[in-house]
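So the structure is just underneath, and the comments pick up after that.
The values are calculated or read from the model by the stated rules, or taken from the named source; none is laboratory data. It should be emphasised that the depicted structure is a prediction, and the values quoted were computed from it without experimental measurement. Here the Cβ positions follow ideal geometry from the backbone for every residue, glycine too, while neighbour counts run over all protein chains shown.
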Amino acid sequence: MAGVRPSAIRELLRLGADPSVISFGGGYPDASLFPVDELAAVYAHLLVREHADALQYTTSNGLPALRARVAERLTADGMPTTADDVLIIQGGQQGLDLAAKLVVDPGSVVVTENPTFLGALIAFAPTEPTYAPVRTDADGMDTDDLQRVLEAHTDVRMIYTVPDFQNPTGATLSLERRHRLLALADEHDLLVVEDTPYRAHRYEGTSLPTLRSLDTSGRVLHLGSFSKILAPGLRLGWAAGSPDLVERLGLLKLAADTQNSTLNMAATSRYLEAYDIDAHLARARPVYRRKRDLMLETMAATFPDEVLRTRPEGGLFVWLTFPEGFDAADFLGRVLLPEAAVAYVPGATFFPVTQETNHARMSFSGVPDDRLVDGITRMGRLLHREL
Ligand code: PMP
């Protein structure tokens, strides 16, 4: 546990759970979008008609029917996949835990974007990696810097990336950089973990091919999740990759928790069979897109110009950069007070090594429109006073 960081942020965000606080902190999907009637019908059917199977143990790699449905969806997304190439996991988060257990030894190197997904740092920590963070910009991981980082380290075990609408910056890895990243991974013979929970939530522009679809040497582990497309409470995600990779991850999964909930896997499989999840996603996208636009427009109208913000083409997050020297964790303490009553995640926590204090991650997904405008306006007023 020595390498596992306690989180002061968690304490601050506990204050943010107060209903009078408008929280842009958690990356929660909009609960009003959960397909509750459909799920109610599916669970009722399973419990009444198929309980002998739905409440029983199943294979540890996941219910075969669900693996087949996931494989179909991945194939349609440019990654020819069979059910055997798919491991069902407890959300994308478990894929990060299993990948680290597979390849990391204490002190060996994990390459990440800088900044990167906090949950990945939490998942990797027990395996005690050394981090080699790579510079990022609006086009995701800077592959020139990646080349430099790979040449500077001898014991790299994995490149971890969130190529689509990254958490926390919202950036998307450009096509050219996708090719370059894979070429560098080939050259250095590395595992690439591609984490894609936001991939389906693109609000503009055209979808780019996944790293796994461009990979010719079976080195990409593709992680996905039902959390943001169906409901995070199901705790369902997938890991897809070469048969050898999936086989070894499956053994680690078996050791960790035997299997996912059979009932939740059966319900999700049946949902995918009986309903149109793409139509569901097509209904969700304009809702998130409107919230993104509302957040950016309100920031443009009420924030001081020197507060820079990203404009993500999808996903759930806007990333703020305050002037040099500004401490976003300190400011959170003040913006949480009743005058503004707003919460966000200070950016320092997303940096694996050198923590930059002048950033914040703002999530627009879980806040009703009127409160979103209110909260941003109140935060803007306080920022004007302080900057
Ligand atoms: N990866 C990224 C980049 C995320 O943002 C999240 C969720 N916040 C996850 C993985 C894990 O989500 P889940 O385990 O619910 O699939």
With the requirement that a residue be aromatic (Phe, Trp, Tyr) and within 12 Å of residue 131 (Cβ to Cβ), what does the range 351-368 give you? 351
For the range 192-224, name all the residues that are over 12 Å from the mean Cα position of the chain (by Cα) and either of a type in the set (D, E, K, R) or assigned to a helix (DSSP H, G or I) (or both). 202, 204, 211, 212, 213, 214, 215, 219
Can you confirm whether residue 181 is surrounded by 23 or more Cβ atoms within 10 Å (Cβ to Cβ), away from the ligand (no atom under 16 Å from the Cβ) and closer than 23 Å to residue 133 by Cα? yes
Taking the stated definitions as given, is residue 94 assigned by TED's automatic domain parsing to the domain that holds residue 219 and in a helix (DSSP H, G or I)? yes
Matching residues in the range 321-348 (within 16 Å of residue 170 (Cα to Cα) and either more than 25 Å from the chain's Cα centre (by Cα) or in contact (Cβ under 8 Å) with a residue 60 or more places away in the chain (or both)) number 4
Is it the case that residue 149 is farther than 25 Å from residue 254 by Cα and within 19 Å of the chain's Cα centre (by Cα)? no
For the range 150-178, enumerate the residues that are within 16 Å of the ligand (Cβ to nearest atom) and either more than 19 Å from residue 217 (Cβ to Cβ) or small (Gly, Ala, Ser) (or both). 162, 164, 165, 166, 167, 168, 169, 170, 171, 172
Residue in the range 129-146 that is nearest to the chain's Cα centre (by Cα), counting only those that are hydroxyl-bearing (Ser, Thr, Tyr) and either assigned to a strand (DSSP E or B) or within 14 Å of residue 169 (Cα to Cα) (or both): 136
Taking the range 74-99, which residues are closer than 22 Å to residue 235 by Cβ and more than 21 Å from the chain's Cα centre (by Cα)? 81, 83, 85
Selected residue (criterion: surrounded by the most Cβ atoms within 10 Å (Cβ to Cβ)) from residues of the range 225-249 that are within 11 Å of the ligand (Cβ to nearest atom) and part of a helix (DSSP H, G or I): 234
Just need a number here: residues in the range 45-81 that are in contact (Cβ under 8 Å) with a residue 12 or more places away in the chain and part of a loop (DSSP other than H, G, I, E, B). 14
Give me the residue from the range 272-310 that is under 23 Å from residue 228 (Cβ atoms) and outside any helix (DSSP H, G or I) and, out of that set, farthest from the chain's Cα centre (by Cα). 275
Within the range 87-127, considering residues that are of a type in the set (S, T, N, Q) and more than 12 Å from the ligand (Cβ to nearest atom), the one farthest from residue 58 (Cα to Cα): 114
Counting just the residues of the range 107-128 that are assigned to a loop (DSSP other than H, G, I, E, B) and buried (at least 23 other Cβ atoms within 10 Å of the Cβ), which one comes out nearest to the chain's Cα centre (by Cα)? 117
